[in-house]
């Protein structure tokens, strides 16, 4: 026996704590009308989770609490506790004794407790459903509800049969799965919506990333070319400087020696006793040539400097022209923009003043044309102010260069004249035989060697000036490249610190110049690409892509979950259908036997039926009443599956439930209830005066069936019938005390019988 006892405290008419212990297979509860017998059946419904106050014969939760009577004050709460013996583990809890308690307060707040721990109603329902126990159903039949299963609709009847067969847990799992599936589908829609929302942004970022990647590729290419260019240029400049220094140093030393020798020789001539006019003239010519050559050297240096500046400015102009041709660097004057803005505002005000949509559309179209014309007019304009300034500087430098060239020509003419005089005087002195002529010949030799050395030093000075200009360009290029590709460009030298590395020394300057032009083109393309924040764009794109990937995985998981839930629901439907049909067949076998026993013959069975509903068709035809009656605009639709009951009484042509009398309906419902209980016996059954409508003969049959049924389920019978009482092992009497509350008396027939013997 699973049910041990039930305790009532403050519940309805039970003012004080009352306990009913069920130690027998059949326990009977008797008492006069109005004593509170049926309150015990309702207490079972209450503690097992019944939520309909109406079915507990009340309007609100406060009606279930003892309201006071006579000397007894009203209670503030009502509680019912039912105790089960769980030694067989029919309830899925690891306890030998399981208590379920429900408490209701005056403010209609309910509390549910399992073994003293507060839980949810859902926990109680799930626990009891695992043992085929519910707050209502086939195992609790209250007063006047014996034929409820007969009066119910086919759909309600099917639900009662499913509950009796223990399919409620499957139904609950199915409902829970359907709720989860609906929630999953909502989540799928939300995730799909989020992905659609961020997709345009990801596409935009992807284009930006492609630009960034191209920029990075160009920077990598620029860095590669720049490192090669800078290494070779640095090597060329250093090698050139070393070469000039190594060649110029001995020449300067030689020049100093010749200058010293010349001074010595000149002093000899000046101190000579037989000094003549030719010697004075020779010394004068030498000094004049010396001054002219110094002046020529200075002009050559200025000429080289101007030539280098002109070359640099030409390069700058060329670069500026290339940049100016790019659309990214187009500029317009503020005056033209303000003029356009004023014209647009004026046109909008004119359209607003007209106050119609057509005028606004015309204004928008005109504004669109104006903007297009403004862009077309300005996109081919080039800001030549900087270029014109540079061109002026170049022209001025060229003029200065021409003046220097003119001065050089004049100096060369003067030098040539002095050289001719010097040569003639030299020839004369060569022919004459004088003791001073050796010194004069030495002067001629020194002047010749000095001229050669000066010429070489001049060439080396020009080369040194060119190297200086190259070095300045190199530094500017290094700074500009550093801004574009970062500090990596500073690592152009080899790790050992030598600029030579593994470079080929025989590469022509044309190759290096071609490399420089390529670098300039890449720099212009980088400037045209605009200042995109590479790190920010890449970070934002990475974050957006990762979120989209996460949403994609989440969507895949949700779709898998939806598929799994759909399969689970289909499996539950199949299992419900299979077990339901099997259960109906078993019930029919028992129903037929009990029906035949109650009526002395006849047949009865349950059948699964699907009603056909008639529904109006959607049609555009205007049909008359006759057509409607003929069913031309009606269609037949299958309704929900249900249970129909077919009976065939012996010796009567009665086959429908509607034709049964009250007694026959009571017998039929009892036979069906007992048949259901035999197929899937619940732990206990409560019968509240279900035998009230039976005569003496049928009462005996009913009592025999009760005794037979007690072999499979524990029975609590509320009755007035003596025959039913005789089958009980314990009898509880309920009386109404003088104070107004229900009281209990008990008689254990089995113990009394043992004492009597």
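Residues checked against (1) at pLDDT 80 or above; (2) over 30 Å from residue 512 (Cβ atoms); (3) assigned to a helix (DSSP H, G or I):
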| position | (1), (2), (3) |
| --- | --- |
| 221 | yes, no, yes |
| 237 | yes, no, yes |
| 240 | yes, no, yes |
| 244 | yes, no, yes |
| 275 | no, yes, no |
| 285 | no, yes, yes |
- What are the residues in the range 86-144 that are at pLDDT below 80, closer than 22 Å to residue 11 by Cα and within 45 Å of the chain's Cα centre (by Cα), if any? 134
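Identify all residues within the range 473-483 that are touching a residue at least 24 places away in the same chain (Cβ under 8 Å) and surrounded by fewer than 18 Cβ atoms within 10 Å (Cβ to Cβ); write none if there are none. Reasoning before the result, please.
So the first thing to find is which residues in the range 473-483 are touching a residue at least 24 places away in the same chain (Cβ under 8 Å), and the list is 473-474, 477-478, 480-481.
Of everything in the range 473-483, those that are touching a residue at least 24 places away in the same chain (Cβ under 8 Å) and surrounded by fewer than 18 Cβ atoms within 10 Å (Cβ to Cβ) turn out to be 473, 474, 478, 480.
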- Message: Exactly one condition in (1) over 30 Å from residue 705 (Cβ atoms); (2) modelled with pLDDT under 90; (3) within 51 Å of the chain's Cα centre (by Cα) is false for residue 58; which is it?
- Response: (3)
- Note on the structure: Among the residues of the range 27-56, the number that are loosely packed, with under 15 Cβ neighbours inside 10 Å and either touching a helix residue (DSSP H, G or I) at 6+ places or on another chain (Cβ under 7 Å) or within 21 Å of residue 119 (Cα to Cα) (or both) is 2
- Task: Restrict the check to the range 100-111 and report whether at least one residue is within 29 Å of residue 712 (Cβ to Cβ) and assigned to a loop (DSSP other than H, G, I, E, B).
- Result: no
- Please find, within the range 314-352, the residue that is modelled with the lowest pLDDT out of those that are assigned to a helix (DSSP H, G or I), in contact with a helix residue (DSSP H, G or I) (Cβ under 7 Å, 6 or more places away or on another chain) and closer than 16 Å to residue 377 by Cβ. 327
- Query: Which pairs do you get when a residue that is on the phi > 0 side of the Ramachandran plot, found in the range 674-689, comes within reach of a residue that is modelled with pLDDT under 80, reach meaning Cβ atoms under 6 angstrom, with the pair 6+ apart or on two chains?
  - Reply: 689/143
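Name the one entry in 56, 20 that is within 25 Å of residue 98 (Cβ to Cβ) and without any contact (Cβ under 8 Å) to a residue 60 or more places away in the chain.
Values: 20 fails: without any contact (Cβ under 8 Å) to a residue 60 or more places away in the chain.
Answer to the check: 56.
For residue 12, state whether it is at positive phi and buried (at least 20 other Cβ atoms within 10 Å of the Cβ).
Values: at positive phi: yes; buried (at least 20 other Cβ atoms within 10 Å of the Cβ): yes.
Answer is yes for this residue.
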- Give the residue that is surrounded by the most Cβ atoms within 10 Å (Cβ to Cβ), with candidates limited to residues of the range 553-567 that are under 30 Å from residue 202 (Cβ atoms) and in contact with a helix residue (DSSP H, G or I) (Cβ under 7 Å, 6 or more places away or on another chain). 558
- Being surrounded by 15 or more Cβ atoms within 10 Å (Cβ to Cβ) and farther than 18 Å from residue 158 by Cα is the filter; apply it to the range 568-592 and report the residue that is farthest from the chain's Cα centre (by Cα). 592
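Could you tell me whether residue 85 is out of contact with any helix residue (DSSP H, G or I) (no Cβ under 8 Å at 6 or more places or on another chain) and without any contact (Cβ under 8 Å) to a residue 40 or more places away in the chain? Walk me through it before giving the result.
Values: out of contact with any helix residue (DSSP H, G or I) (no Cβ under 8 Å at 6 or more places or on another chain): yes; without any contact (Cβ under 8 Å) to a residue 40 or more places away in the chain: no.
Taking the combined requirement at face value, the residue does not satisfy it.
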- How many residues are more than 24 Å from residue 62 (Cα to Cα) and part of a helix (DSSP H, G or I) when one looks only at the range 6-41? 0
- Message: So the check is Cβ under 8 Å with 6+ separation or different chains; which pairs have a first residue in the range 122-133 that's in contact (Cβ under 8 Å) with a residue 12 or more places away in the chain and on the phi < 0 side of the Ramachandran plot and a second one that's buried (at least 19 other Cβ atoms within 10 Å of the Cβ) and in a helix (DSSP H, G or I)?
- Response: 129/168
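Does the range 73-85 include one or more residues that are modelled with pLDDT of 80 or more, within 48 Å of the chain's Cα centre (by Cα) and outside any loop (DSSP other than H, G, I, E, B)? Before you say what the answer is, go through the steps one by one.
From the range 73-85, those modelled with pLDDT of 80 or more are 73-85; that's our starting set.
From what's left, within 48 Å of the chain's Cα centre (by Cα): none.
No - not one qualifying residue is present in the range 73-85.
The values are calculated or read from the model by the stated rules, or taken from the named source; none is laboratory data. Please read all numbers here as calculations on a predicted model, not as lab measurements. Quick reminder, even Gly has a Cβ in these numbers, built from the backbone with ideal geometry, and neighbours come from all protein chains shown.
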